[in-house]
Each structure stands twice: as C-alpha cells, then as structure tokens.
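Data first, discussion second: the structure below is written as structure tokens.
The values are calculated or read from the model by the stated rules, or taken from the named source; none is laboratory data. Computed from a predicted model, the values in this text were never measured in an experiment. Glycine gets a Cβ as well: all are built from the backbone with ideal geometry, and neighbour counts include every protein chain shown. Calculation scope for accessible area: heavy atoms of the full protein, side chains included, ligands and nucleic acids excluded. Shrake-Rupley method; radii C 1.70, N 1.55, O 1.52, S 1.80 Å.
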Amino acid sequence: DYGLSLKVYGSKLVIFDREKYKKKPAVKAIDKGDMLSYTFNTTLAGTYTGGELVYTDAAGKQIAYKTGTGPRILKANVQASNAAEAKLKLDAAIAEANHSEVTLSFSTMGQPTLAAGQTINITGLGRASGKYYIDKLSHSVGDSYTTAFECSKVQ
C-alpha cells in the first residue's frame with residue numbers, strides 16, 4: 001500500500017522504498033556496444049499522469065487527495081485515515097503503475113559487482129538511453145560468464 005519493496009540481501013530480508021533507490025546516482029554506465037543482446041519496450045497502457053483518492057472513514061468524514069493532471073488519472077479505491085496517508089497510498093499506486101512504462105532487457109559479459117535495486121546509465125540506444133533501475137539480474141556460467149538484466153527506465 002505504501003510502495004515499499006522487499007528483497008533478500010546477505011541472508012537478510014530488506015524492506016526498502018524503490019522510488020528512493022531510483023534517485024540514487026547510477027553505479028555504472030553500460031553502452032550498447034557492451035551488450036550481447038537487448039530488447040526495449042514502451043507502453044502507455046496502465047500508466048497514469050495523476051490520480052485521485054476519495055474515501056469516507058468510519059466517522060463519516062470524507063478524505064480526498066488529488067495529484068497530477070492529464071487524461072490518464074488513476075482512481076484509487078483504498079482506505080485512508082487522513083490526507084497524509086491518502087497521499088502516501090496514492091503516490092505509491094501511481095509509482096507502481098508507472099514503473100514499467102519503459103523496460104529494457106539485455107545481457108552482457110558477467111557483471112559481478114551489480115545487484116538488483118541499483119541504477120545504471122544506458123548509452124548508445126538512442127531514445128532508449130538513460131538511467132535505469134535494475135529490477136532483476138541473472139548470472140549464468142556456461143561457455144562464458146554472462147549477466148542478464150531486466151530494467152525499468154527512471155522517469
């Protein structure tokens with residue numbers, strides 16, 4: 001409800017705010033020339049330019065919060081006990097919906113220093129270039145050591 005994520009890191013469960021991680025500096029730049037293969041996808045379906053939440057609490061008090069403008073407004077149907085909680089929940093719902101607006105999957109030679117939850121800069125891919133959040137990493141050892149990335153562009 002509040003946009004928090006969960007990961008296992010160093011045999012511990014870690015709860016973190018993905019939106020705060022997206023604001024951290026990129027830890028590495030990867031160029032198209034370093035990629036063994038890649039696929040890029042962009043979609044507006046299921047993404048939002050703003051949102052609104054209206055909820056009546058048990059005491060009959062109406063709680064409302066609106067953010068953003070434009071044609072794609074998320075109408076959230078969640079409970080909130082006050083305006084601050086409504087803001088947190090609506091902003092988290094919009095961020096979750098918009099997280100995968102632009103995705104990039106690619107593989108490179110092994111990248112043992114990178115981990116899911118970090119940000120990287122992608123260069124050499126034209127409009128697909130930019131800062132990306134690493135959603136998932138898969139390491140594979142066969143004839144060579146490779147790393148497969150699943151990333152979402154930081155908007």
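Values for this structure:
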quantity	calculated
Computed over the stretch 1-79, Kirkwood Rh from alpha-carbon pairs, angstrom	17.1
Assigned charges on the beta-carbon of Lys, Arg, Asp, Glu; the stretch 1-115 dipole about Cα centre (debye)	200
Spatial separation of Cα centroids for the stretch 92-155 and the stretch 47-84, in angstrom	32
Within the stretch 83-104: backbone nitrogen closer than 16 Å to the THR43 label point (7 Å, Cα to C-beta)	96-104
Residue-level accessible surface for MET109, protein heavy atoms, 1.4 Å, Å²	100
Inter-probe distance in nm under a simple model that places probes 7 Å from Cα toward Cβ, at LYS20 and LYS66	3.1
Given LYS7/LYS75; LYS7/LYS61; LYS23/LYS66; LYS12/LYS131, the pairs whose alpha carbons are separated by over 31 Å	LYS7/LYS61
Percent RCO, i.e. relative contact order, over the stretch 27-80, from Cα pairs under 8 Å lying at least 6 residues apart	34
Among SER140, SER11, SER100, residue whose mean-square fluctuation peaks in a GNM of the chain (springs only between Cα atoms under 10 Å)	SER11
Kirkwood-Stokes translational diffusion coefficient of the stretch 21-155, alpha-carbon pairs, 10 °C, 1.306 mPa s, µm²/s	94
Taking the stretch 39-126 and dividing mean pair separation by its residue count, relative contact order in percent (alpha carbons under 8 Å, at least six apart)	32
Probe 1.4 Å, all protein chains present, accessible-area order of LEU114, LEU137, LEU6, largest first	LEU6, LEU137, LEU114
Contour excess over end-to-end distance, with Cα ends at ALA95 and GLN155 and 0.36 nm allotted per residue	20.6 nm
Gaussian network model of the chain, springs between alpha carbon atoms under 10 Å - residue of ASP91, ASP17, ASP135 with greatest fluctuation	ASP17
Kirkwood hydrodynamic radius of the stretch 74-153, Cα pairs, Å	14.9
Extension gain, THR113 back to ASP1 (0.36 nm per residue minus Cα-Cα distance, nm)	37.2 nm
For the chain: relative contact order, % (alpha-carbon pairs under 8 angstrom, 6 or more apart)	26
Among THR42, THR113, THR103: highest mean-square fluctuation, GNM of the chain, C-alpha pairs under 10 Å	THR113
